[in-house]
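Note sheet for the following structure.
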Amino acid sequence: MHGGASFAAIGADFADLDRRRAIVDADVLDAWYPPAPSVVQEVAAHLEWLMKTSPPTHSEGLRAAIAEHTGLPGACILPGGGTSPFIFSALPRMVSSGDRVCILDPMYGEYRHVLENLVGAEVVSLPLAPERDFRVDPQALLEAANGCRLVIVVNPNSPTGQCLSRDEWEEIRRGLPETTRVWVDETYIDFAPGRPSVEPWVADDPRFVVAKSLSKFFALSGLRVGYLAADTAFIWEVERFTPPWSVGTLAQVAAVRALEAYDYYQAKASETHALRQAMSDALDEMPGLRCVGSVTNFLMFEAPSASALVEGARKHGVYLRDCGSISQRFADRYVRTAVKSAEENGRIIEAIRRSVAP
């Protein structure tokens, strides 16, 4: 299951998009801020042409922009329509039916779905402890990964918001067998202080593959754009089976301009941290609630009944995510909310307060 139940209140038929103003869609993790002004201006100035014109066949300009931004060779980059296409197309090329794959529990559920239901891999879960706020222990990860062909880590993790540090990654890298590969989903890495990305390793260490969406941090969720970063041999193997025109013209142009405006987004990330901290403080003051530390644009908290709280908040036009649909280990005890604007956060906090009031 995915978030996005809030779209039912808007209408998937798009008959009246003004309905969006009546709700707070905190069940999805889209940016609370708009794309950088330079992105909006470029798209607005050329909108008709962008909508009707076929894109560069293999996203050549976008690939070059990502390569410049990351410092990686262009041959180590493969643009695509977000990370989901790569989860369904590239991931199955790394494992076969019966292979052992280690994943975190809890973690973004699409990975388990693809591995178990489409590939037929044997999934080994590393349970993350609530008493550690669901942080990953590097040594525990290495032990769980013993004998596994692949390890998958979402970092920062969704839905927990926790993040492995660069030192912790170095510990994992040193202890990792040469025959074990690691897929790291870094969709939220730009929100993390110090940005402890493993991207710089992929060109020289074929064990590491990075999947990166530009949706959340760069406020481009509606355009579906992202990329895969890996050694050139693996990128070529995946690209052979990637259809041409996989990223639309509007998305390519917007992503290139967004990468050029990175300073704008870094400033928004700083605002996001302040907004998240204010929300965390407010929720921690409510009886029965306890927030889990986060470095991202979302926040997870413990509640006496997640399902009851989520249902109660919807009565006030606020949509939250019951984490029980992500992992059974949450057992109706954890809720995730996106961090929104100060005004929307106020609505979220008030809806939660009314939902937990005796």
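Every number here is computed from the coordinates shown, using simple stated rules; none is lab data. This one's a predicted model, so the numbers in the text were calculated from it and none came from an experiment. Don't worry about glycine lacking a Cβ; one is built from the backbone with ideal geometry, like all the others, and counts go over all protein chains shown.
Tell me, rounded to the nearest percent, the portion of alpha carbon pairs in region 211-358 spaced more than 27 Å apart.
I get 39 percent for the Cα pairs in region 211-358 exceeding 27 Å.
Once both labels are modelled 7 Å past Cα along the beta-carbon direction, what's the Ala342-Val124 spacing in nm?
Each label point lies 7 Å from its Cα, and together they span 5.0 nm.
Counting DSSP beta bridges with both partners in the chain, what percentage is antiparallel, nearest 5? Present the calculation step by step, with values, prior to reporting the outcome.
Numbers: 18 of 38 bridges.
For the chain, the DSSP antiparallel bridge percentage is about 45.
Counting Lys and Arg as +1 and Asp and Glu as -1, what is the net charge of the other residues whose Cβ lies under 10 Å from the Cβ of Val210?
Combined, the nearby Lys, Arg, Asp and Glu give -2.
Return the lysines within reach of Lys340: Cα separation strictly under 28 angstrom, same-chain partners fewer than 8 residues apart disregarded; answer none if there are no such residues.
Lys212, Lys216, Lys268, Lys315
Starting from the Cα gyration tensor of region 96-240, multiply each eigenvalue by 5, take the square root, and state the resulting semi-axes largest first in whole Å. Mind showing how you got there, number by number?
On the way: eigenvalues 85, 76, 55 Å².
Value: 21, 20, 17 Å, ordered largest first.
Please compute the Kirkwood hydrodynamic radius over region 80-134, one decimal place, Å, based on all pairs of different Cα atoms.
It works out to 12.0 Å.
To the nearest 20 debye, what is the magnitude of the charge dipole of region 134-215 about its Cα centre, counting +1 on the Cβ of each Lys and Arg and -1 on the Cβ of each Asp and Glu?
160
Roughly how big is region 26-133's charge dipole about its Cα centre, with Cβ charges of +1 (Lys, Arg) and -1 (Asp, Glu), in debye to the nearest 20? Intermediate results must be reported in sequence, preceding the final value.
Details: 6 positive and 13 negative charges, 68 e Å.
Dipole of region 26-133, to the nearest 20 debye: 320 debye.
Can you tell me which of 44-55, 11-22 comes out highest on packing, and rank the rest after it, using the mean Cβ neighbours within 10 Å?
On the way: 44-55: 11.8, 11-22: 9.4.
The most tightly packed comes first, giving 44-55, 11-22.
Per residue and in cubic angstrom, what volume does the convex hull of the Cα atoms of the chain have?
It is 135 Å³ per residue.
For Trp236 paired with Asp205, estimate the spin-label separation in nm (one decimal), with each label point 7 Å from Cα along the Cα-to-Cβ line.
Label-label distance for Trp236 and Asp205, simple model: 2.3 nm.
Once you've got the GNM for the chain with C-alpha springs shorter than 10 Å, pick whichever of Ala261, Ala192, Ala26 has the biggest mean-square fluctuation.
Ala261
Starting from the 7 Å offset along Cα-to-Cβ, what nm value, one decimal, do you get for the label separation of Glu116 and Leu17?
3.8
Enumerate the whole-percent occupancy of each 10 Å bin, from 0 to the last occupied one, for all C-alpha pair distances of region 221-276.
19, 34, 32, 14, 2
Given Cβ point charges of +1 (Lys, Arg) and -1 (Asp, Glu) and nothing else, what value in debye, to the nearest 20, does the dipole of the chain about its Cα centre take? Before the final figure, lay out the partial values.
On the way: 35 positive and 46 negative charges, 112 e Å.
It works out to roughly 540 debye.
Viscosity 1.306 mPa s, temperature 10 °C: give me the Stokes-Einstein translational D for region 36-102 in µm²/s, with Rh taken as the Kirkwood radius over C-alpha pairs.
After rounding, the answer is 106 µm²/s.
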